[in-house]
Amino acid sequence: MLTILGDQHRFCDGVSRRNFLKIGGLALGGLSMPQILAAEEAAGKRPGHKSVIMIFLPGGPPHQDMWDLKPDAPAEIRGEFKPIPTNVPGIEIGELFPRMAGMMDKFAVIRSIVGATGGHDSYQCNSGWAPGQAGPQGGYPCLGSVISKLKGPVDKALPPFVGLAPRMGHMPWANAGEPGFLGKAHAPFKPDGEGMANMTLNGVSLDRLSDRKSVLTSLDRFRRQADATGMMEGMDAFNARAFDVLTSSRLLDALDIEREDPRLRDRYGRGYPENKDDGGPRLLDNFLVARRLIEAGVRCVTLAFSRWDWHGNNFGQARTEMPMLDQAITALVEDLEVRGLLDDTSVVCWGEFGRTPRINKDAGRDHWPQVSCALLAGGGMRMGQVIGSTNRLGEVPKDRPVHFQEVFATLYQALGIDPRTTTINDHAGRPTYLLDNREPMPELI
C-alpha cells in the first residue's frame, strides 16, 4: 500500500489522516492514477453517469439448476431442483432463487449464451473476446478499460474502473479485466492489488504536505522508480495534479463499508471471507461496495463471487451458493432502484460456460461450453423477459443463440457508446472496433 508517513491526527468524521492518505495513494499503486488524471476535460462531477456492474461466477455455473430448469427431462438430467413461478407470468426459475422470483420484472434471463471456449478464466466475460483470439498488438481491452478510455472519470478523485475480484488459488478467475492495447493507464484499480504493499513516498510527512513542490518532487521520484519496473506509464504528464487524488476522501468513503446501516448490510448478507477451494471468498459485502462505488462516480465495477466448478456434489454446493447469490444480487438491484441509480446502471451476472446436462458419477456436472446463461438488470433495458431457449435436455440452443459479444454490444449501447460505429486507435494508429458482433440485442434495447 502506498503510504505517506506522518503523525496520527483525526478529521471530524473519525478518519485518521494517516489512513486517509494511505487510501488516496492506493489508487496510485493500483495503476489508476493515469486514469484519474488523463481525462482532464471529463473531470468533475457529472450527475446521472452511465455505469455497469459485472458479476463473474468463477468456474461455470450450472445453467439447468439456476434459470433454465428442465423438469420434464430424465432424472439424470433434470437433477434435484424444481422450477418455481415468478412475478412475471409464464417465467419460471430455480427454487433456490425465491427473492429473484418475487422481483423477476427487474431482471432478464438469457438462456442461450454461445461462443464460450471452455477455458477457466474471466477474460471472455470481461471483454467479449475469446482468449487467444487474434487481434491488435497488446490484445483487446475489456469493457471497463474501454469505458475508462472513452468516458474518462466522473470525478478526478475516483478511478473510472474498479476491480473487486479477490485473490484466488486459480488466479485467472481473479482477473478483473485486461486493458489490452489501451495500456496500464486504463487498467482497473484494485483495492487489494498485487504490488502495492511496499510503496512509500519516502521523506514526505503530513507536516510537509502544504509544500506542494516537495510532494510533487517525491511523486516524481516514485514515478521514475515505478517506470523502471514497468508498473506505471504516462505518469509524468499528470503528476502536477496527483496531489488532488492523494488528498481526496471520496475513494476512501466509497470503500468504507462500515459507513452503511447494519440493516442494509444484513439485507445483502455477510458471506464468508475464506476462499472456497481454489476459487474466491463469498464476499457479499462486495455487492454493496459495488453500489457505493457506482454512487460515488465509478463507471465500471467488476467483482467475482465464490467458486462454481462443481464436478462433484453439485446440488449440495448449490444449496449453499445459490441462496447467497439470490440474496446479494436482489439486494443490489433493489438498492440501486431505491437510490435512483438502476436506470443508469447495467448489471450483468454470468460465468465462463455452462455445465453438462448429464449428472456424473460424483453427483456433479462437468464443463459444457456449448451453451450457458446470463442474468441482466437495469441500464434502461427491457426487463421481465427470457431471451432464447435450450432444447429439452439443456444441451444446445433451441432458438435465439446469443453470443457473448451481443451482450457486450448491448451493454455499450446502454452506456451511451455506439458499438456499431465507435473505434479506438491501436498501437499502430489503426482504428479498431470494440467488437466483431456490433449489433445490440433488439429484445433489450
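Nothing in this text is a laboratory measurement; each read-out follows from the coordinates by a stated rule. In this text the structure is predicted, and so the values were computed from the model without any measurement. Neighbour counts are summed over all protein chains in view; Cβ atoms, including those assigned to glycine, are modelled from backbone coordinates with ideal geometry.
In which sequence would Asp65, Asp256, Asp285, Asp277 go, from the one with the fewest C-beta neighbours within 10 Å to the one with the most? Each step should come with its number before you reach the end.
On the way: Asp65 24, Asp256 16, Asp285 19, Asp277 12.
Listing Asp65, Asp256, Asp285, Asp277 from fewest to most nearby Cβ atoms yields Asp277, Asp256, Asp285, Asp65.
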Margin query: I'd like the distance separating the alpha-carbon centroids of segment 251-273 and segment 160-180, in whole Å.
Written below: 21 Å
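Using the Cα centre as the reference, give the magnitude of the dipole from point charges on the C-beta atoms of segment 279-346 (Lys, Arg: +1; Asp, Glu: -1; all else neutral), rounded to the nearest 20 debye. Show your work: numbers first, answer last.
Working: 7 positive and 10 negative charges, 53 e Å.
Using Cβ point charges on Lys, Arg, Asp and Glu, segment 279-346 gives about 260 debye.
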Notebook entry, point to check: Order of Arg282, Arg392 from fewest to most other C-beta atoms within 10 Å?
Noted result: Arg392, Arg282
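Count charges around Glu334 for me, please; just the other residues with Cβ under 11 Å from its Cβ, Lys/Arg as +1, Asp/Glu as -1. Don't jump to the answer; show the numbers that get you there.
Values: positive: Arg99, Lys106, Arg267, Arg291, Arg339; negative: Asp335, Glu337.
In short, +3.
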Checklist line | Virtual spin-label span in nm between Arg265 and Asp105, 7 Å along Cα→Cβ | finding: 3.3 nm
Check: Using a ≥ b ≥ c from the Cα gyration tensor of segment 325-445 (square roots of the eigenvalues), is it rounded, prolate or oblate, where a/c under 1.5 gives rounded and otherwise the larger of a/b and b/c decides, a/b for prolate?
Finding: oblate
Item checked: Amide H partners (placed H, <5 Å) of Ile387, local residues excluded -> Val109, Ile110, Arg111
Item checked: Rounded if a/c under 1.5, otherwise prolate or oblate - segment 266-346, Cα gyration tensor axes -> prolate
Notebook entry, point to check: Among Phe315, Phe107, which comes first, then next, by fewest other beta-carbon atoms within 10 Å?
Noted result: Phe315, Phe107
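Give the shape of segment 61-134 as rounded, prolate or oblate, defined through the alpha-carbon gyration tensor: a ≥ b ≥ c are the square roots of its eigenvalues, a/c under 1.5 means rounded, and otherwise the shape is prolate if a/b is larger than b/c and oblate if not.
Details: a/c = 2.91, a/b = 1.64, b/c = 1.78.
Taking the square roots of the gyration eigenvalues as a ≥ b ≥ c, segment 61-134 is oblate.
Need the full-extension length gain, Thr117 to Tyr433, defined as separation in residues times 0.36 nm minus the C-alpha distance. One decimal, nm.
Details: separation 316, 0.36 × 316 = 113.76 nm, distance 2.15 nm.
My answer for the length gained is 111.6 nm.
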